[in-house]
Amino acid sequence: MATTLVKGTVQAIKEKGLRGFLGMLKEEGILNCIFDGKLLQTKLHTIGARLVGVDKFGNKYYENLEDTQYGRHRWVEYADKARYNASQVPPEWHGWLHYITDHTGDELLMLKPKRYGVEHKENLSGEGDEYIYHSKGHALNPGQKDWTRYQSWQPTKAQ
Amino acid sequence: MGLGVLASRATRLSGRGNPSRSLFYVRTIVTKPELQSPEASSAAAAPEPTPDLPPRTPLGGARVHFPNPDDAIEVFVDGYPVKIPKGMTVLQACEVAGVDIPRFCYHNRLSIAGNCRMCLVEVEKSPKPVASCAMPALPGMKIKTDTPIAKKAREGVMEFLLMNHPLDCPICDQGGECDLQDQSMAFGSDRGRFTEVKRSVVDKNLGPLVKTVMTRCIQCTRCVRFATEIAGVQDLGMLGRGSGEEIGTYVEKLMTSELSGNVIDICPVGALTSKPFAFKARNWELKGTETIDVTDAVGSNIRIDSRGPEVMRILPRLNEDINEEWISDKTRFFYDGLKRQRLNDPMIRGADGRFKVVSWRDALAVVAEVLHQAKAKEVVGVAGKLSDAESMMALKDFLNRMGTNNVWCEGNGPNPNADLRSGYIMNTGISGLEKADTFLLVGTQPRVEAAMVNARIRKTVRATNAKVGYIGPPTDFNYDHQHLGTGPETLLQIAEGRHPFCSEISNAKNPAIIVGAGVFEREDKDAIFAAVDTIVKKYGNVVRPDWNGFNVLLLNAAQAAALDLGLVPESSESIETAKFVYLMGADDINLDKIPNDAFVVYQGHHGDRSVYRANVILPASAFSEKEGTYENTEGCPQQTLPAVPTVGDARDDWKIIRALSEVAGVRLPYDTVSGIRSRIRTVAPNLLSLEEREQATFAASLKPEVKQKISSTPFKAAVENFYMTDPITRASKIMAQCSALLAKK
């Protein structure tokens, strides 16, 4: 395995040049692997796996039916290498990824309702105050509820 | 009726039979085996000698009054002997014995209907359970209230009542204070046997105050009896028979009584609920504050139910001497006015005529500066009709220190008589009116001026056929009366003995003369009071050592206390020449009289009328937000208590005047309410003996000779619109609706 990795690396440098190769490393998130063990593990896992599909966000869905434990044979490599989380998986791929169905996300895309189906959005909680839901009584809610329980007299009809 | 009482009685039954088990006894609502054959079990229980019972106290601290000690009879309630006067019902006997009987239709202020059958008890030697509310107690009667027969009978009644009652407690406004809900916890079954379709009844429109959900009605007819007996309107009635029976107004019309809100309280279920309160709150989230009402001079005892900073509703409180357990619609429903048109910041009118919000410091500094520029003679203070005694005391002290005595309370007229206390209070007392047998109403329409006094007169007229003579503009009465005339000349005729009503007064045992406070505003006020005095002197039975039948019916909550504290203007013309006018909530004075160059300070809680003339606005707290003493028309001082916090930057009235006095350099010597009360003690000590009527000694002989001529101008109605009389009620939307729909045109 190690030899194929080295061979592939050398071949890639030959094809793209050193600059292009480093750019690819960055894009693929190899540099992130240095500090992110989870990503590294996914990368290593991915070697020899079958790429089943790529969704519209760029997440890659892999399957390896041969030398992995059953139930751990489907996984996703997120498009965003730095800040990824499970809510980035769109609903059409969710079923496939969690073994609910064997239909891939691309096959299930047609099930999305045309008229009222909204675009999938990841959960942005924790990504900044503007993304956090505040109830209407919360001090940070921009349309905060008016808790004044009386109407004050307005001096409009000044003489 | 407390749920706990019912539940404990239900458990007591089996606990006595088997004391060892009672500790571990868990009460279930399902029918117990021993109840399957009640006759057998009661026969077995009968010979058992009654054990020594713990002494019982009458319900709610009730006291038994024996009009004639010889008429006392003894009955046994659950083996416990009680002495009661003759003529009491079985239910009343049980109450004296401390046993609460479940009931729906019985109400101790209404006539007995006996149609709900919930109060069934077992009486020895009676073949069937008897309805205790309608059964007179007989000597030696053995009443059993918690036998299996009684319980079984009540369970049967409850099942029939619940048969056609909708299961909508979660959306019912009565939920939590519903008699049916409470009693079904003790006598209801855990399952229904009714499989047919429930009856439904069309809702009736009773106007803007009472919401009806007639399907919930259990036909107790309390509302019908209340309307005909207490409110004196024949609006409600029973239509149809059997399952088609329903409460209605016969033809589509609104309930036009000034007491209609009370049917909400007496309805044992959620059939009649408050329309403004509908779906607003649940009764268990409300905080009750026991206070008094200030919308008229009666001072009805009320409970303000609040949630947080909001007044959610107003309910009556029992006070036998003043309002019994009723309140008028104005008292009950004006509370939404407390949330509208509120003054919440001190404001100063700028040079451009617009108000600008300023701080208290600036506002008080401006007022003090202008006050110092004005001459003492040109300073005038007017207390409003909702002012409490403390703030009026402070206002008078403050202006006296500024060198003027031109301070009065609106509604007392230009030249009030504050010297003789008997000349401005209701000497008979509101409850004392029940002893009267002839009424002479002079220029007063009690139905709109003081609805609770009117209810008392109606009660008297109904009970004893008392005669009522009325002098004043044609108006609406809900009892029999003679309209004697419209002007003071009729009064003169009576005083001179030339009127047929004279014989009624002279033949009466306890005649009562009620003069309306609207007379205070008349030019010939002294002459009218002199004429009344002549009547009093002429017929010796009006005022005697044991009866004082001379009454003045005041209009506003502040009037009596203002006169007690001596808020009397030095000269009646002072406002026309004023340079500085201090209006403490006075919205009903004639603003055109104030000269254009006068500086007007308005201190109050509502932007009503006077704010448009004001130069400085000082926000004060309303009666629901402060502790204040009010004296009602019979001279009974009572206190309000704060139920909700003040709005915005508002302060208590007396605190504003105290702060202003310090800024103006004439510091008033009191810093606390108790300090101001000890000042009141030196002026009018009777204002501090709360809930105690200080009798005024009548001294007609002390009155100076009156040289005024009586004018022939007929009496005017003192209250034009019953529903809108003061700043709070004028701000209320519900009161505006009422006056649009219900006020008599």
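Please find, within segment B:684-693, the residue that is farthest from residue B:419 (Cα to Cα) out of those that are open to solvent by 40 Å² or more (accessible area, probe 1.4 Å) and touching a residue at least 60 places away in the same chain (Cβ under 8 Å). The selected residue is B:690. Only one of the numbered conditions (1) out of contact with any Gly (no Cβ under 9 Å at 6 or more places or on another chain); (2) away from every other protein chain (no Cβ under 14 Å); (3) open to solvent by 50 Å² or more (accessible area, probe 1.4 Å) is not met by residue A:106, and that is (1).
Listed here are the residues, each with its yes/no results for (1) under 18 Å from residue B:636 (Cα atoms); (2) in contact with a Ser or Thr (Cβ under 7 Å, 6 or more places away or on another chain).
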| position | (1), (2) |
| --- | --- |
| B:323 | yes, yes |
| B:336 | no, yes |
| B:355 | no, no |
| B:359 | no, no |
| B:376 | no, yes |
| B:387 | yes, no |
| B:408 | no, no |
| B:413 | no, no |
| B:433 | yes, yes |
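What is the residue count in segment B:346-389 for residues that are open to solvent by 50 Å² or more (accessible area, probe 1.4 Å), within 14 Å of chain A (Cβ to nearest Cβ) and assigned to a loop (DSSP other than H, G, I, E, B)?
First, pick out the residues of segment B:346-389 that are open to solvent by 50 Å² or more (accessible area, probe 1.4 Å): B:351-352, B:354, B:356-357, B:359, B:361-362, B:369, B:372-373, B:375, B:377.
This time we only want the ones that are within 14 Å of chain A (Cβ to nearest Cβ), so: B:351-352, B:354, B:356-357.
With assigned to a loop (DSSP other than H, G, I, E, B) added as a condition, the list becomes B:351-352, B:354.
Summing the residues that are open to solvent by 50 Å² or more (accessible area, probe 1.4 Å), within 14 Å of chain A (Cβ to nearest Cβ) and assigned to a loop (DSSP other than H, G, I, E, B) in segment B:346-389 gives 3.
Of the strands (runs of 3 or more DSSP E) contained entirely in segment B:448-544, those carrying at least 2 residues that are touching a His at 6+ places or on another chain (Cβ under 9 Å) fall at B:467-471, B:482-485. Got at least one residue in segment B:264-282 being under 20 Å from residue A:149 (Cα atoms) and within 14 Å of chain A (Cβ to nearest Cβ)? Among the residues of segment B:264-282, at least one is under 20 Å from residue A:149 (Cα atoms) and within 14 Å of chain A (Cβ to nearest Cβ), which makes the answer yes. Scanning segment B:592-608 for residues that are more than 11 Å from chain A (Cβ to nearest Cβ) and surrounded by fewer than 18 Cβ atoms within 10 Å (Cβ to Cβ) gives B:592, B:593, B:595, B:597. Give me the residue from segment B:637-655 that is out of contact with any helix residue (DSSP H, G or I) (no Cβ under 8 Å at 6 or more places or on another chain) and within 30 Å of residue B:366 (Cβ to Cβ) and, out of that set, least open to solvent (accessible area, probe 1.4 Å). So, considering only residues that are out of contact with any helix residue (DSSP H, G or I) (no Cβ under 8 Å at 6 or more places or on another chain) and within 30 Å of residue B:366 (Cβ to Cβ), the one least open to solvent (accessible area, probe 1.4 Å) is B:648. For segment B:206-215, state whether one or more residues are in a loop (DSSP other than H, G, I, E, B) and surrounded by fewer than 20 Cβ atoms within 10 Å (Cβ to Cβ). No, segment B:206-215 contains no residue that is in a loop (DSSP other than H, G, I, E, B) and surrounded by fewer than 20 Cβ atoms within 10 Å (Cβ to Cβ).
Could you list all residues from segment B:309-335 that are more than 10 Å from chain A (Cβ to nearest Cβ), among the charged types (D, E, K, R) and in contact (Cβ under 8 Å) with a residue 60 or more places away in the chain?
B:320, B:321, B:324, B:325, B:329, B:330, B:332
Being touching a strand residue (DSSP E or B) at 6+ places or on another chain (Cβ under 9 Å) and at pLDDT 95 or above holds for only one residue in B:363, B:374, and it is B:363. Residues being open to solvent by less than 20 Å² (accessible area, probe 1.4 Å) and either modelled with pLDDT of 90 or more or more than 21 Å from the chain's Cα centre (by Cα) (or both) are entirely absent from segment B:702-712. Checked against the criterion of being closer than 30 Å to residue B:348 by Cα and out of contact with any His (no Cβ under 7 Å at 6 or more places or on another chain), the candidates A:87, A:152, A:135, A:125 yield just one match: A:152. Based on what the data block shows, is residue B:653 farther than 25 Å from residue B:563 by Cα and either more than 14 Å from chain A (Cβ to nearest Cβ) or acidic (Asp, Glu) (or both)? Against the criterion (farther than 25 Å from residue B:563 by Cα and either more than 14 Å from chain A (Cβ to nearest Cβ) or acidic (Asp, Glu) (or both)), residue B:653 does not qualify. Filtering A:138, A:134, A:120 for residues that are in a loop (DSSP other than H, G, I, E, B), open to solvent by less than 100 Å² (accessible area, probe 1.4 Å), away from every other protein chain (no Cβ under 14 Å) and modelled with pLDDT of 85 or more leaves a single hit, A:120.
Which residues, counting only those in segment B:117-133, are closer than 20 Å to residue B:155 by Cβ and either touching a residue at least 12 places away in the same chain (Cβ under 8 Å) or not assigned by TED's automatic domain parsing to the domain that holds residue B:105 (or both)? Answer for segment B:117-133, where residues must be closer than 20 Å to residue B:155 by Cβ and either touching a residue at least 12 places away in the same chain (Cβ under 8 Å) or not assigned by TED's automatic domain parsing to the domain that holds residue B:105 (or both): B:117, B:118, B:119, B:120, B:121, B:122, B:123, B:129, B:130, B:131, B:132, B:133.
To keep it simple, each residue is scored yes or no on (1) open to solvent by less than 50 Å² (accessible area, probe 1.4 Å); (2) of a type in the set (Gly, Ala, Ser).
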site: B:631; (1), (2): yes, no
site: B:635; (1), (2): yes, yes
site: B:660; (1), (2): yes, no
site: B:668; (1), (2): yes, no
site: B:682; (1), (2): no, no
site: B:716; (1), (2): no, no
site: B:721; (1), (2): yes, no
site: B:726; (1), (2): yes, no
site: B:738; (1), (2): yes, no
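The set of residues from segment B:390-425 being touching a Phe, Trp or Tyr at 6+ places or on another chain (Cβ under 9 Å), open to solvent by 10 Å² or more (accessible area, probe 1.4 Å) and part of a helix (DSSP H, G or I) comprises just one member, B:397. For segment A:141-155, a residue qualifies if it is open to solvent by 100 Å² or more (accessible area, probe 1.4 Å) and either away from chain B (no Cβ under 14 Å) or polar (S, T, N, Q) (or both), and the qualifying residues are A:142, A:154.
Filtered by the rule that a residue be outside any strand (DSSP E or B), within 27 Å of the chain's Cα centre (by Cα) and more than 11 Å from chain A (Cβ to nearest Cβ), segment B:610-624 gives B:621, B:623, B:624.
Elements of the type helices (runs of 4 or more DSSP H) sitting completely within segment B:626-745 and holding at least 3 residues that are among the charged types (D, E, K, R): these cover B:653-663, B:673-683. The condition of being open to solvent by 30 Å² or more (accessible area, probe 1.4 Å), at pLDDT below 90 and within 26 Å of residue B:412 (Cα to Cα) holds for residue B:523.
The values are calculated or read from the model by the stated rules, or taken from the named source; none is laboratory data. Because the structure is a prediction, the values reported are computed rather than measured. All Cβ positions, glycine included, derive from the backbone under ideal geometry; neighbour counts span all protein chains shown. Side chains are part of the model used for accessible areas, which takes the heavy atoms of the whole protein and leaves out ligands, DNA and RNA. Shrake-Rupley method; radii C 1.70, N 1.55, O 1.52, S 1.80 Å.
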